[in-house]
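Notes follow the structure.
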Amino acid sequence: MPWRAASPMDQRPQFIADFLRDALSITELCALYGVSRKTGYKWIDRYLRHGPAGLEERSRRPRRAPNQTSDEIVSAILAARRRKRRGSRSPSGSWPKTSAEGRAAPRDGAHPGPG
């Protein structure tokens, strides 16, 4: 089957226009556009709720990160790292990092250091 020249953003308004003409059933429309019925109903619902803006791509990024280390803990980790940097190094040449410490360093713009 050849690739379609139209992008999904070009297909969605055309899909809705065909839906509003009421010439084909949802099943036929979805088959014509090569999408599942679930996707077809999702596009129709978004269009009816939000208008043409509802057909735009949405971010897939999670809205929140429930396991993210709290800001208070990040601040304490970064303060401890700053204190460690002023003192002597460990015999191996770098301080061992916990996973939370390793994730906190880039947030503050601190260099994670060797290791």
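Quote the relative contact order of region 8-55 in percent (integer), defining contacts as alpha-carbon pairs under 8 Å separated by 6+ residues.
In percent, rounded to a whole number, it is 36.
Using the Karplus equation 6.51 cos²θ - 1.76 cosθ + 1.60 (θ = phi - 60°), what ³J(HN,Hα) coupling, rounded to whole Hz, does each residue of region 48-53 give in order, writing x for Gly and Pro?
5, 7, 10, x, x, 5
Every number here is computed from the coordinates shown, using simple stated rules; none is lab data. Small disclaimer: the values here were computed from a predicted structure and weren't measured.
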